[in-house]
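Trainee: Here you go, one structure.
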There are 2 protein chains.
Amino acid sequence: MKITNDPVVRIKDIALKAGVSVGTVDRVLHNRGNVSVKKHDKVMKALQEMHYEPNLMARALVSSKKHIIAALVPDAHVDSYWLEPQQGIAKAAKDLKQYGIRVTEYIFDPSDKQSFIDNANALTKNKPDGILVSPIFYHESLAFFEKWKKMNIPFVLFNTQIAEYDPLSYIGQDSYQSGLLAGKLIHYGQHKPCTVLIAHIDEDISNSAHLQKKEKGFRNYFFQNNLDGQFNIISVQLNRANTAAFIKPLDEIIEDHPDLASIFVTTCKAYEVAKYLEQRHIEHPSVIGYDLIPPNLYFLEKGRISFLINQNARAQGYWGIYQLTEHLVFKRKVEEIKYLPLDIVTKENINYFIDKDKPAVLGLP
Amino acid sequence: MKITNDPVVRIKDIALKAGVSVGTVDRVLHNRGNVSVKKHDKVMKALQEMHYEPNLMARALVSSKKHIIAALVPDAHVDSYWLEPQQGIAKAAKDLKQYGIRVTEYIFDPSDKQSFIDNANALTKNKPDGILVSPIFYHESLAFFEKWKKMNIPFVLFNTQIAEYDPLSYIGQDSYQSGLLAGKLIHYGQHKPCTVLIAHIDEDISNSAHLQKKEKGFRNYFFQNNLDGQFNIISVQLNRANTAAFIKPLDEIIEDHPDLASIFVTTCKAYEVAKYLEQRHIEHPSVIGYDLIPPNLYFLEKGRISFLINQNARAQGYWGIYQLTEHLVFKRKVEEIKYLPLDIVTKENINYFIDKDKPAVLGLP
DNA sequence: CAAATTTTTGTGTTCGTACACAGAAATTTA
DNA sequence: TAAATTTCTGTGTACGAACACAAAAATTTG
C-alpha cells in the first residue's frame with residue numbers, strides 16, 4: 001500500500017511558516033512589489049519547501065470577473081469544414097461559462113478578404129480580453145496582429161500558423177506529418193508497383209500552405225523509403241464548381257492509368273471522389289481522406305473510403321478557447337504550439353471519434 | 001457577430017425570483033425536505049425558467065473535505081502492462097489533489113488470488129470513500145463488491161468488466177472491437193489469399209475473457225466480410241517462460257505455412273514476435289500488436305511492427321480516478337460504461353500518443 | 001387559549017484566493 | 001526632531017454554494 005499524495009498547502013500555511021501575513025505571501029506570489037527583501041526571501045523559502053500549488057477553484061471563484069473572448073472564424077456556409085471548429089468553440093463556451101468566459105463569434109467569408117478585414121475591425125473595436133482567430137489571409141492578418149499586440153490583447157491562432165508577432169499560442173494540425181501518414185497507409189495497402197493520385201479538391205493549392213505541406217509529406221514518405229520507383233505519384237487539382245473541371249480530369253486519369261490503386265484527397269472532399277467512383281462503378285482504387293464529416297462517414301461505413309485522417313478540427317476550436325481561458329482566468333503558462341493528434345479512423349473505430357462530448361474540468365491535463 | 005452565451009444564474013438569483021431565501025432554494029436543490037409545497041413550486045418554477053447551473057468551483061471549494069480513493073491494481077513488476085494504468089492513476093492523483101482527492105494504492109500480485117484477497121481486505125478495513133479496482137479474479141471480486149455495496153462505497157472497475165452489483169462505472173477496452181480493427185488492418189494490407197496467425201503470448205486464453213474477445217472480433221471481421229475462403233486463420237498460444245514453448249511452435253508454423261502474411265499478437269508482447277522474426281531473418285509477415293510500451297515502440301520505429309493498437313491503458317487509470325472524483329466531489333452523474341478510444345498508432349503518428357501528459361484533455365474532444 | 005412541539009424559513013459562517021484599504025514602520029524632508 | 005512622505009505589512013471583504021443554527025410560523029398538546 002502506498003499513498004500517492006502529500007497534504008494540500010494553502011497560502012495561509014505558507015504565511016505561517018514564513019512568519020508573515022497572507023497579504024505578503026500574495027504579493028510575492030504575484031510579484032506585486034512592496035515587499036522587503038527580508039520577508040520576500042522568507043516567503044520564497046517557505047514556498048520552495050512546502051511545494052505550494054494554488055487552488056484553482058478558489059482562484060477562479062474570486063476572479064469571477066467576465067472575460068470576453070472574440071472568435072474570428074470563417075463561415076461554415078461557404079466551406080462546411082469550419083463547422084467543426086465552430087462546434088468546438090461553442091462547446092468550450094458552454095463548458096467555460098462558469099469561469100466567467102463569454103465568447104463572441106465574428107464570422108467572415110473565407111473567400112472574401114474584405115469580409116475578414118471588416119469583421120476584424122468590428123472585433124477590435126469591441127476590445128475583447130482575448131482573441132481566437134484562423135488567420136487564413138496572411139497579409140491582412142499581420143496588420144491586426146500588430147494592433148492587438150499594441151492593445152495588449154492576447155490572441156491565439158488556429159488552423160493556420162503565422163509565427164510573426166508571437167501569438168499566445170498556435171493550435172494546429174501538422175499537415176506535413178499527416179501527408180506522411182497517408183503515404184504510409186497507402187503503401188501498407190499496396191505491395192505491387194502502381195499509380196497513386198493526390199487530389200486537391202475545391203481549393204487553390206498555390207494559395208494553401210496546408211495542401212502543399214500535405215502533398216510534400218505524402219511524396220516524402222515514398223521518397224524516404226526509396227519507393228519512388230515502385231509508385232508513380234501524380235497530382236491533380238479539381239473544382240466542383242465546374243463539372244467539367246471535376247469529372248473530366250478524373251475520367252482522363254482513370255483512363256490513362258489503369259494501374260491507379262489509391263487516391264489521397266487532401267481536403268475534406270473525399271466523399272466527392274467516392275461518389276464519382278461509385279457512379280462510374282470503378283471498384284479498385286482505395287480512397288483516403290480527411291475529416292469526419294457526415295458524407296465522408298457515409299462512404300467510410302460503406303467501405304468506399306478506407307481511412308479518414310482526423311485532424312480534430314473540433315478540438316482545435318475547443319482548445320483555442322481553452323488556452324485563452326487558462327491564460328486569462330488561471331494565469332497559467334500555455335503551450336506555444338499545440339498540435340492535435342492525427343487519428344486514423346476506420347469503420348471499426350469510428351464510434352470513439354464521433355460525438356465526444358467531453359466534459360471539461362479545467363486544470364486537467 | 002453572434003454571442004454564444006447567456007448570463008450566469010446563481011442561487012441568489014433564483015431565490016430573488018422565487019421570493020424566498022437562498023436556504024430554501026438550497027433545500028429544494030438537494031431535496032432536503034422541510035419546504036412547503038407552495039414555496040417548493042415557486043422555486044421549481046424559477047429554476048426551470050432561469051436554467052440554473054451550479055458553479056462547480058464554489059461547490060467543490062465549500063465541500064473541501066478530503067476524499068480517500070483506494071486503487072486496487074496489479075503489480076507492474078509481475079506484468080509490465082500495469083505500469084500504464086498506474087501512471088494514469090498517479091497523474092490523476094496529482095491533478096485532482098486540489099479537489100481534496102487522496103489516492104491510496106493497493107498493489108496485488110496478478111498471479112496470486114490470495115494476494116488479491118489480502119489487499120482487498122486491507123483496503124476494505126480502511127473504509128475509503130471510493131474504490132478503483134481491476135477485478136481480474138472474478139469470484140473473489142464478487143464477494144468484495146457485495147461488501148462495498150453494503151458499506152455504500154462507490155467502486156469503479158477498469159480493464160475487466162463484471163456487471164453484477166452494478167459498479168458506479170466501468171472503464172474499459174472494447175476487446176471485441178479491437179479484434180475487428182486488427183482484422184481490418186490486416187485485410188487492408190493483404191489482397192492475396194494467405195495465412196494469418198493469431199498469437200496469444202504469456203497468458204492463458206481460457207482464463208482471459210479479453211483474449212477470447214479479441215480473437216473472436218478478429219475472426220468475425222473476416223467472417224462478416226466473407227473472406228473466410230481467402231484467409232486461413234490459425235491461432236497459437238505461446239509462453240516465453242519456456243523457450244521450447246515459444247520458439248518451437250513458431251518455427252513449426254513458419255515452416256508449415258510459407259504463405260504466412262501477418263501475425264496478430266493479442267497481448268502487449270508483439271515485440272517478442274518481432275525479435276524472433278528479426279533473429280531468424282524472416283522478412284515477410286507484418287506484425288500488429290497492442291500497447292505503446294518501449295520495446296514495441298522500438299520495433300514500430302524500425303518498421304518491424306506495422307501497427308500498434310493503443311487501448312489507452314494510461315487513460316483507463318486516469319479516468320477511473322476522474323470518474324470517482326466527479327461522483328464524490330462534484331456529485332455529477334457519470335457514464336456507466338466508458339470505452340476509451342482505440343487508437344491506431346504507426347511510426348508516423350506515434351509522437352501524438354506518447355508522453356501524453358494528456359489531459360485527457362479532460363474535457364476535450 | 002397559552003404552552004410545547006414541530007415544521008418551515010432565513011441568516012451567518014466556511015472553503016482558499018485576490019484585492020482594496022488601513023495601519024505600521026521606515027525613510028525623507030524641513 | 002517633528003512632520004511629511006514613502007515603503008511595507010496586516011486585516012477585512014467578496015466570490016458562490018453548503019450546511020449549521022437561529023428565528024419565525026404553523027401545528028399540536030394540555
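Trainee: For the range A:102-210, please list each of the helices (runs of 4 or more DSSP H) lying entirely inside it that holds at least 1 residues being closer than 19 Å to A:A76 by Cα.
Mentor: A:113-125
Trainee: Return the residues of the range B:260-301 that are under 30 Å from B:Q86 (Cβ atoms) and without any contact (Cβ under 8 Å) to a residue 24 or more places away in the chain; say none if nothing qualifies.
Mentor: Across the range B:260-301, the qualifying residue is only B:P294.
Trainee: In the range B:12-46, what residues are among the charged types (D, E, K, R) and within 9 Å of DNA strand D (Cβ to nearest atom)?
Mentor: Listed by number, the residues that qualify are B:K12, B:D13, B:D26, B:R27, B:R32.
Trainee: Shifting gears a bit: Is there a residue in the range A:47-70 that is within 26 Å of the chain's Cα centre (by Cα), open to solvent by 40 Å² or more (accessible area, probe 1.4 Å), more than 16 Å from DNA strand D (Cβ to nearest atom) and within 24 Å of B:L56 (Cβ to Cβ)?
Mentor: For the range A:47-70, residues within 26 Å of the chain's Cα centre (by Cα), open to solvent by 40 Å² or more (accessible area, probe 1.4 Å), more than 16 Å from DNA strand D (Cβ to nearest atom) and within 24 Å of B:L56 (Cβ to Cβ): present.
Trainee: Suppose we filter B:P154, B:P135, B:P167 for residues that are farther than 29 Å from A:I344 by Cα and either within 14 Å of chain A (Cβ to nearest Cβ) or in contact with a His (Cβ under 8 Å, 6 or more places away or on another chain) (or both); which single one remains?
Mentor: Of the residues listed, the single one that is farther than 29 Å from A:I344 by Cα and either within 14 Å of chain A (Cβ to nearest Cβ) or in contact with a His (Cβ under 8 Å, 6 or more places away or on another chain) (or both) is B:P154.
Trainee: Going by what's in this entry, would A:L342 be described as over 30 Å from A:P154 (Cα atoms) and either open to solvent by 20 Å² or more (accessible area, probe 1.4 Å) or within 12 Å of another protein chain (Cβ to nearest Cβ) (or both)?
Mentor: No: the conditions fail for A:L342.
Trainee: Additional query: Six or more apart or on different chains, Cβ under 6 Å: which pairs go from a residue in the range A:10-22 that's within 14 Å of another protein chain (Cβ to nearest Cβ) to one that's near DNA strand C (Cβ under 8 Å from one of its atoms)? Could you list them?
Mentor: A:I11/A:V22; A:K12/A:V22
Trainee: Follow-up. Do we have A:L83 as over 30 Å from B:S63 (Cα atoms) and open to solvent by 50 Å² or more (accessible area, probe 1.4 Å) here?
Mentor: Against the criterion (over 30 Å from B:S63 (Cα atoms) and open to solvent by 50 Å² or more (accessible area, probe 1.4 Å)), A:L83 qualifies.
A quick yes/no check of all residues on (1) away from DNA strand C (no atom under 11 Å from the Cβ); (2) among the polar types (S, T, N, Q); (3) assigned to a helix (DSSP H, G or I):
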{"position": "B:K45", "(1), (2), (3)": "yes, no, yes"}
{"position": "B:A58", "(1), (2), (3)": "no, no, yes"}
{"position": "B:L72", "(1), (2), (3)": "yes, no, no"}
{"position": "B:W82", "(1), (2), (3)": "yes, no, yes"}
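Trainee: Another question, then. Do any residues in the range B:44-55 that are more than 14 Å from chain A (Cβ to nearest Cβ) have Cβ atoms under 6 Å from those of residues that are small (G, A, S) and in a helix (DSSP H, G or I), where the two are at least six apart or on different chains, and which pairs are they?
Mentor: B:A46/B:A18
Trainee: Restricting to the range B:272-291, count the residues that are assigned to a helix (DSSP H, G or I) and open to solvent by 20 Å² or more (accessible area, probe 1.4 Å).
Mentor: 4
Trainee: Continuing with this model, one more query. Can you pull out the residues in the range B:247-271 that are open to solvent by less than 10 Å² (accessible area, probe 1.4 Å), within 22 Å of B:V78 (Cβ to Cβ) and outside any loop (DSSP other than H, G, I, E, B)?
Mentor: Of everything in the range B:247-271, those that are open to solvent by less than 10 Å² (accessible area, probe 1.4 Å), within 22 Å of B:V78 (Cβ to Cβ) and outside any loop (DSSP other than H, G, I, E, B) turn out to be B:V265, B:A270.
Residue by residue, here is whether (1) among the aromatic types (F, W, Y); (2) in contact (Cβ under 8 Å) with a residue 60 or more places away in the chain; (3) not assigned by TED's automatic domain parsing to the domain that holds A:H139 holds:
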{"residue": "A:L61", "(1), (2), (3)": "no, no, yes"}
{"residue": "A:V73", "(1), (2), (3)": "no, yes, no"}
{"residue": "A:E84", "(1), (2), (3)": "no, yes, no"}
{"residue": "A:K94", "(1), (2), (3)": "no, no, no"}
{"residue": "A:I101", "(1), (2), (3)": "no, yes, no"}
{"residue": "A:F108", "(1), (2), (3)": "yes, no, no"}
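The values are calculated or read from the model by the stated rules, or taken from the named source; none is laboratory data. Being a predicted model, the structure only gives us computed values, none of them experimental. Virtual Cβ from ideal backbone geometry, glycine too; neighbours counted across all protein chains shown. Only protein heavy atoms, including side chains, enter the accessible area calculation; ligands, DNA and RNA are left aside. Shrake-Rupley method; radii C 1.70, N 1.55, O 1.52, S 1.80 Å.
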